[in-house]
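Since the structure comes first, as structure tokens, the remarks are kept for the end.
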Amino acid sequence: MATEELNPNHYPAQRAAKVVQHYLNTRYGSPYKVFGLKKVYSGKVEDVTDIGVKYKLDLLVQEMIENTTVRCSAEVVFARGENSSQVQVSCEELLKINTTAQEEALYQQYKIQRNFLSAENLPDNYGHIEPDMKPLWHLGAVASSFVMLNESTENTLYNMARVANVTQLATENEQLKFDYHVLLHDMVSQEIIHWKLLVTWSPPEGVKVLEMKKLPHCHNCETLSDAS
Amino acid sequence: MKVLLLFGFVAVALGDVTRFEGEQVFRLKPVLDEHVTLIKDLAQSIEVDFWKPDSAELVTIDIDVDIHVPAMYLDMVYTTLQQSDMEHEVLIEDLQKAVDGQSDSGPSPRAHSYTKYNSWDKVQAWINSISSSNPSLISKQVIGSTYEGRPMTVLKLGKKSSSAKPAIFMDCGIHAREWISPAFCQWFVKEALSTYGSDSQMTSLLNQMDVFVLPVFNIDGYDYTHKSNRMWRKTRSRRSGSSCIGADPNRNWNAGWCTLGASSNPCSDTFCGYSPESEIEVKNVADFIRRNKSIIKAYITVHSYSQLLLFPYSYTFELAADHSELLKVAEGASAALRSLYGTKYTSGPGAATIYPAAGGSDDWAYDLGVKYSYTFELRDTGRYGFLLPESQIKPTCEETMLAVKYIAAYVQKNLY
């Protein structure tokens, strides 16, 4: 099948690149490391018989806390007839971003404290997040990336809109554990989708999502802190 | 405290609000008897308002003496202080600014701010006061009511003229949760009024053209996002037959209505409505633009987020007849925007750039004959999304002003 050159700024390449962002967050993300899509330099798309649609991309991602940019080349395959994608990516110097010290410090701090953390609405209605809540917001974005990666197709563009609620649970097997309720925004349908996530994290193991559950669409939600 | 007391008295006396433009407050540090004499002499010869101590009699050496000097005596006071060797400093450079500043910070929650997201009540109050702040440059016009009965007010900016001038129409807040959008319209109005006369481009624009600004299009939705659900998008209209509320006001225009990129499901966030212009808010604006069709030369609608500058078409992948020109102008505007803080925008026709979507206001305006029709999607690209921090209001508005002024300047030079 013929390979078509894409306009890197238009939506087909942008949606595929966003999937790469989600993938990188699931693999490398942490409370101190969250990737965003910065720019797509070039893109090609190819319809592969029996497999699906394959995108080849040259892109720039940005670690959003320190603003470090990393150049990557990636292949994203949207499988035919499924809501799934496969991603292969190689980035130059991804490991140059060193967040070990902060992660270790946070991990210890969360592990020993008596009262389990909890927070809601990160950010609040005005875009504000308390500085000591930011790691929980970042962790929520990384955890959401697992869902967004799973749910992405050529017809979606996901971002995490907000952490509605996060509650720390008892540490298990040296993994910090959290219960998250996140709101995802899909740009294409413009819908806000609620997901509950059971998340673990430790510096050596990284972020893992043990359970994920989509909550039913709430048409007339009226609680002050809730959204759609 | 003293100031509030002072103008409280004066206000009661004059039945009016006193203003202190250009007036200053000095802190004097007398250490010699001559300094004390100097201060007392000054108090005798001109109006000096003692903040500390309460009066001239209480002035002694080795205390701080704070005095408020009316504008007309400033020169004299400066000269006197310069000539003496008494240590002194200016505590407040402009008393009116300091007074105004008190209402923005501090515990008073009711004040409007250009760098905060204002509730509908605050915006409404602001519309009323700003529209009467300068009758030669701004007026207001109610163009109808929302579904829930709130007045939709359009501000008309431009040097008053006896004959109809060509105009630009700009709306903000079609989608309720896109708070940075109404913030931008308020900013635009402020900039227009405050830089008219000093900024040559703004002056020329407002002299030759009028700018109609609708600060909040979807007022019911906007209010709902403040009081109930921050993520609401649509209007708040109700129809029997469905428990779901509202339609997407940017899928409700008569432009390829409901053919693609929109939903016929009332519960969907892109519900196109029961018919074109079924939403009263859309009808009110469409009627206004139709009535003024002969003078409206550009249409700008402000949304968030994605950092895009879009133009027709969104209801089809076919290119608009004026595609090349629209693209060129959009690219110029994006470059102007980027010049300030490096914020990158992508320009392009809606369908290919973001997604195909029928029933949009920009396509409708274009097909009506308004050639320069643009949709802005402001900051950011997903990190904060709809919840853009208030700290980003100012930079977002400043950079977007450059893009809007670029488009306006182009339109001004290319009237048709």
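Structural remarks
- Three-way shape call for region B:212-255 based on the alpha-carbon gyration tensor, with the a/c threshold at 1.5: oblate
- Inter-chain Cβ neighbour average for residues B:221-233, partner chain, 10 Å: 5
- Solvent accessible area, Å² - B:Asp121, 1.4 Å probe, full protein context: 110
- Buried accessible surface for the A/B chain pair comes to about 3100 Å², total over both chains, computed with a 1.4 Å probe.
- Straight-line reach from B:Lys293: taking Cα to Cα under 22 Å and skipping same-chain neighbours fewer than 8 places apart, the lysines in range are B:Lys140, B:Lys156, B:Lys159, B:Lys160, B:Lys165, B:Lys283, B:Lys371, B:Lys405, B:Lys413.
- Taken over chain B, the alpha-carbon convex hull comes to 173 cubic angstrom per residue.
- Per the Kirkwood formula applied to alpha carbons, region A:1-87 shows a radius of gyration over Rh ratio, Rg over Rh, of 1.00.
- Cβ-placed point charges (K, R +1; D, E -1), dipole of region B:25-95 about Cα centre in debye, nearest 20: 40
- Threshold 40 Å² - residues in region B:374-416 whose accessible area is reduced by that much or more when the chain is no longer isolated, probe 1.4 Å: B:Arg383, B:Tyr384, B:Leu387
- Projecting the Cα atoms of B:Tyr372, B:Ser306, B:Thr37 onto the dipole axis of the protein assembly as shown, where Lys and Arg carry +1 and Asp and Glu carry -1 at the beta carbon, places B:Tyr372 farthest toward the positive end.
- Entry for region A:102-228 at q = 0.16, 0.20 Å⁻¹: log10 I(q)/I(0) = -0.79, -1.17, Debye formula applied to identical alpha-carbon scatterers, no solvent contribution.
- Taking other residues whose beta carbon is less than 10 angstrom from the beta carbon of B:Ala351, and scoring Lys, Arg as +1 and Asp, Glu as -1, yields -2.
- Set the Cα radius of gyration of region B:251-322 against 2.2 N^0.38 Å, with N its number of residues, and you get 1.22.
- Packing-based ranking, highest mean first, of B:275-284, B:41-50, A:72-81 given that Cβ atoms within 10 Å are counted: B:275-284, A:72-81, B:41-50
- Contour excess over end-to-end distance, with Cα ends at B:Gln141 and B:Ser163 and 0.36 nm allotted per residue: 6.2 nm
- Debye, to nearest 20: dipole size of the protein assembly as shown, +1 on Lys, Arg Cβ, -1 on Asp, Glu Cβ: 2040
- For a label point 7 Å along the Cα-to-beta-carbon line of A:His128, residues of region B:377-416 with backbone N under 13 Å: B:389-392
- Counting only DSSP beta bridges whose two residues both lie in region B:277-416, roughly 20 percent are antiparallel.
- Solvent-accessible ranking of A:Leu117, B:Leu91, largest area first, probe 1.4 Å: B:Leu91, A:Leu117
- Max-minus-min Cα coordinates of region A:42-100 on each principal axis give 42, 22, 15 Å, with the largest extent listed first.
- Percent accessible area from carbon and sulfur atoms, chain B, protein chains only, probe 1.4 Å: 53
- Ligands, DNA and RNA left out, the 1.4 Å accessible surface of region A:82-156 is 46% carbon and sulfur atoms.
- Accessible area per residue for region B:149-217 is 26 Å², calculated with a 1.4 Å probe on protein heavy atoms, without ligands, DNA or RNA.
- Accessible surface of B:Cys172 - all protein chains present, 1.4 Å probe, nearest 10 Å²: 0
- Averaged over the residues of B:355-367, the number of partner chain Cβ atoms lying within 10 Å of the residue Cβ comes to 1.
- A 1.4 Å probe, protein heavy atoms only, puts the accessible area of B:Lys328 near 120 Å².
- Think of it this way: in chain B, B:Cys397 stand alone, with no other Cys Cβ under 4.7 Å.
- Here region B:220-281 is described by how far its Cα atoms reach on the three principal axes: 34, 22, 19 Å, from widest to narrowest.
- Projecting the Cα atoms of B:Ala176, B:Gln208, B:Leu193 onto the charge dipole of region B:169-240, computed from C-beta unit charges around the Cα centre, puts B:Ala176 farthest toward the positive end.
- Rolling a 1.4 Å probe across the protein heavy atoms gives region A:1-130 an accessible surface of 51 Å² per residue.
- Pairs of alpha carbons in the protein assembly as shown whose separation is greater than 51 Å (percent): 22
- Cα-based Kirkwood hydrodynamic radius, chain A, one decimal, Å: 18.3
- Charge-dipole axis of the protein assembly as shown as Lys and Arg at +1 and Asp and Glu at -1 on Cβ define it, positive-most pick from B:Ile67, A:Val76, B:His88: A:Val76
- Rough spin-label spacing in nm, given labels placed 7 Å along Cα→Cβ, for A:Thr153 and B:Leu91: 6.9
- Region B:113-210 - charge dipole about Cα centre, Lys and Arg +1 at Cβ, Asp and Glu -1, debye rounded to 20: 180
- The lysines within cross-link reach of A:Lys38, meaning a Cα-to-Cα straight distance under 26 Å and a gap of 8 or more places when in the same chain, are A:Lys18, A:Lys54, A:Lys56, A:Lys96, A:Lys134, A:Lys208, B:Lys328, B:Lys344, B:Lys394.
- In region A:11-48, the residues whose accessible area drops by at least 30 square angstrom when the other protein chains are added to the isolated chain are A:Tyr11; the probe is 1.4 Å and only protein heavy atoms count.
The values are calculated or read from the model by the stated rules, or taken from the named source; none is laboratory data. All of these numbers come straight from a predicted model, not from anything done at the bench. No Cβ is skipped: glycine too gets one built from the backbone with ideal geometry, and neighbour counts run over all protein chains shown. What goes into the accessible areas is simple: the full protein's heavy atoms, side chains included, and nothing from ligands, DNA or RNA. Shrake-Rupley method; radii C 1.70, N 1.55, O 1.52, S 1.80 Å.
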